[in-house]
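Before any comments, here is the structure.
The values are calculated or read from the model by the stated rules, or taken from the named source; none is laboratory data. Just so we're clear, the structure is a prediction, and the values are computed from it rather than from any experiment. Virtual Cβ from ideal backbone geometry, glycine too; neighbours counted across all protein chains shown.
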Amino acid sequence: MRRLAGRILTPGGFIDGTLAFGEDGRIASVSGDPAAGGNEREGATAFVLPGFVDLHVHGGGGHDVMEGGDAAAAIARLHARHGTTSILATTMTAPAADLESAFAALAVTVQTRPSGGARIHGVHLEGPYINAGKLGAQPDFARALSLDELRRLRAHAPVRLVTLAPELPGHLGAIAGLVAEGIRVQLGHTEGTYEDGVAALAQGASGFTHLFNAMSGFRHREPGMAGAALAHAEFAEIIPDLLHVHPGAIRVALRAVPRLFCVTDSTAASGMPDGEYRLGRHTVTKCLGGVRLVDGTLAGSALTMDQAFRNLAGPLGLTLAEASARTATHAADFLGLADRGRLAPGAWADAVVLDRDLTVMQVFVEGEAIDLANA
C-alpha cells in the first residue's frame, strides 16, 4: 500500500491527512482531519489534488496527434509530467484519409495506457464538421457531417466528443442520434446564432468548444453562440492561457457557466522551446508564450494544465478547490468519468502533488508514479 501525506482535496473539502492506494491503482482510503483555519493554504507544504483532466489535446513534446505512429504515447507522457492524468486525443480538420490514419494509430494507445503517460480515454473529433467561415487555425477541409465517415473512424478508436457547427444543413437533426450513441456534442467553429445554440442544446448538445474562440461573439442585440453558452450552458471549455481569452471574459464565463472547465488546446509546441512545429497540415510557430500561424492567428496553445491551474489560482483569483474543480472534476463529470477527477475511496489513484508555489512535485496515474525528470 502506498501513501501520500499532505493537504488533500477530498469531495468534502481539504483535510490534513493521508491518501492510500494499492497495487490495483485504486484509492483505498483517504483519512485525516479538516484543514485548520479559514485559509486553505495556511500551514500547508504540499497539496494533494485530483490529477488534471484535459479534453482538448492536439499535441505536446514536439508531437502532434495527426502524425500517427507513437505520437499519442509521447504526448500522453509529456502531459502526465505536468499533472494531467486523463486526456482526449484531439484531431484536426483534415481529409478522410488523414483522419483514418491518425485514428488507426490511436487504437493502441486508447486500449492500453502508455507507461509513464496519461490515460487516453478516446478521441475528441474537432472538425471536420465545422463552418468554413470559422476555421480559426483548422485547415480548410471543413465539410458536412458524414455518419459513414464517423462509423469508419469509430471502428479504429472510440469517439467520445465531437465538435460541430449546428447551423450547417443536417447537423441540428443529427445531434440526438450522436448523443444516443454515447458521443458528447460540443458546439464550436461556428457562425451560428444564439437561436442555433439554444436549439442545439435542446437536441442534446452539452458543451461549447473553447468558449469565445472561433464562434459568433456576444453583442447585446445579437447574443451569438457565445451568448447561448453564457445564458444556457451547464458545461463549456475555456483556454486559460490568458492569450486566447481576456481575464475579464474568463471571469464572466466563470460566473455564467456553472461547470466551466479548462482545456489546453495544446499543440506539439507544449513543453518545447520556441520554434516551428506541426499542427495537422499547418506549420505553426511558438514565440512569446503563444502558438500562431504565419498570419498571426492563434493556433492552439503551448499551455500545460499545471500552468492553467496556476493561472486560475493566481491572476484569476480562484481558490485551490475551485481551480481543481475547473481543471479536473468538471471535465471528468462532462465525460461521465465518475471515478476520475476526485480523490475518494474506489476512484482511480490519479493525483498531482503541488508545493506551496503550486509547482508539480509528484504525479500518479492509476497508481503509477510518473518520472518527472524530463518535465
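Listing for the model above:
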| quantity | calculated |
| --- | --- |
| Any hit, the range 94-114, residues being in contact with a helix residue (DSSP H, G or I) (Cβ under 9 Å, 6 or more places away or on another chain) and part of a strand (DSSP E or B) | no |
| Verdict on PHE364 being among the aromatic types (Phe, Trp, Tyr), under 15 Å from ILE87 (Cα atoms), out of contact with any helix residue (DSSP H, G or I) (no Cβ under 6 Å at 6 or more places or on another chain) and in the same structural domain as THR264 (by TED's automatic domain parsing) | no |
| Helices (runs of 4 or more DSSP H) (entirely within the range 268-375) containing at least 1 residues that are within 18 Å of the chain's Cα centre (by Cα) and closer than 18 Å to GLY117 by Cα | 305-313, 330-334 |
| Every residue from the range 321-348 that is surrounded by 20 or more Cβ atoms within 10 Å (Cβ to Cβ) and under 21 Å from ALA35 (Cβ atoms) | ALA323, SER324, ALA325, ARG326, THR327, ALA328, THR329, GLY341, ARG342, LEU343, ALA347 |
| Count of the range 102-135 residues which are over 30 Å from GLY192 (Cβ atoms), buried (at least 17 other Cβ atoms within 10 Å of the Cβ) and either not assigned by TED's automatic domain parsing to the domain that holds ALA71 or not β-branched (Val, Ile, Thr) (or both) | 7 |
| Test: GLY32 is of a type in the set (Gly, Ala, Ser), outside the structural domain of THR327 (by TED's automatic domain parsing) and buried (at least 20 other Cβ atoms within 10 Å of the Cβ) | no |
| Residue match in the range 205-214 (condition: in a helix (DSSP H, G or I) and either under 23 Å from ALA174 (Cβ atoms) or under 22 Å from the mean Cα position of the chain (by Cα) (or both)) | no |
| Some residue of the range 63-74 being at pLDDT 95 or above, buried (at least 24 other Cβ atoms within 10 Å of the Cβ) and in a strand (DSSP E or B) | yes |
| Single residue of ILE87, ILE15 found to be in a strand (DSSP E or B) and crowded, with 24+ Cβ neighbours inside 10 Å | ILE87 |
